[in-house]
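Down below is the structure, laid out as structure tokens.
Coordinate-derived values only; no laboratory data. Source: prediction; values computed, not measured.
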Amino acid sequence: MKEEIKNATILGKTVRPDKAQMLKQVQHDMGVQDDMGWFRCVFFGALAPEKNLSPFTSHFSRKIAFTLAEVLITLGIIGVVAAMTLPSLILKHKKQVTATKLKKFYSTMSQAIKLAEAENGDFADWAPNDGDTFQVWYDKYLDKYIQSVKKEAIKYSSNSYYKVGLKDGSGFIAYISNSSAAYFFYCTELKYCEPEIFDGKTSFLFDLSANSKELFYPDGSGLDRKVLLNSCSPKVSPKRRHYCAALIQSDGWEIKDDYPWEQVMLEP
């Protein structure tokens with residue numbers, strides 16, 4: 001007499017009689033005793049190599065695996081998102097680095113002048129004049145207070161310039177004008193330092209004068225922001241943008257969204 005196969009119950013689900021015989025054989029082969037046994041077989045079968053769980057593990061592996069096409073599509077989406085977001089993140093970082101270096105240079109020079117005043121008296125008594133070269137004046141009064149890694153005398157046009165490389169990789173070129181003031185062309189990287197170049201992106205103009213309330217300051221400091229913004233525009237002169245450092249200073253040493261950053265960067 002043929003054995004009657006009754007409904008089987010697996011994980012709380014009733015299986016029809018026509019499937020019960022197959023499941024009964026699988027249950028015997030796998031050593032499954034109860035619902036928890038079925039659960040372990042289905043979800044943790046890969047951890048039990050001594051059992052042949054291929055009827056289930058192969059089925060579920062097909063469900064959770066990624067095809068090559070799916071992987072390529074995912075990578076493509078990641079690439080598109082990266083292409084859209086990375087340039088803005090890199091630009092934001094460059095602006096932050098530039099503003100931070102400007103603030104540091106301004107603070108370093110201001111502090112050096114205060115220390116030199118403590119040693120030599122009022123700045124007006126030893127301020128640069130048109131009878132000096134910047135090299136002689138700088139080495140005598142300020143050099144000891146500034147950490148430099150390179151110094152070089154440069155002759156450009158009719159003026160004597162002095163190029164100084166700072167410890168953080170930035171630097172400046174400076175000279176004494178015939179108005180008894182010194183002009184500093186600060187560059188965020190020493191390779192960008194050139195006489196009379198202040199492009200508002202890699203190099204900026206600072207002044208030093210005994211005739212000003214603030215001895216050392218960004219060119220244009222204290223002027224109305226609109227005036228600073230207009231003078232910083234590359235439309236005026238791409239390589240001689242006078243008030244860019246003052247604009248950044250007036251904005252709390254930050255480069256705002258309306259700052260005219262985009263332009264051709266000078267290359268060494």
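For the reader, a short list of remarks on this structure follows.
- The C-alpha radius of gyration of segment 97-250, expressed as a fraction of 2.2 N^0.38 Å, stands at 0.97.
- C-alpha center-to-center spacing [segment 88-112, segment 198-251] in angstrom: 14 Å
- Rounded, prolate or oblate (a/c below 1.5 giving rounded, otherwise prolate when a/b exceeds b/c) for segment 119-160 by Cα gyration tensor: oblate
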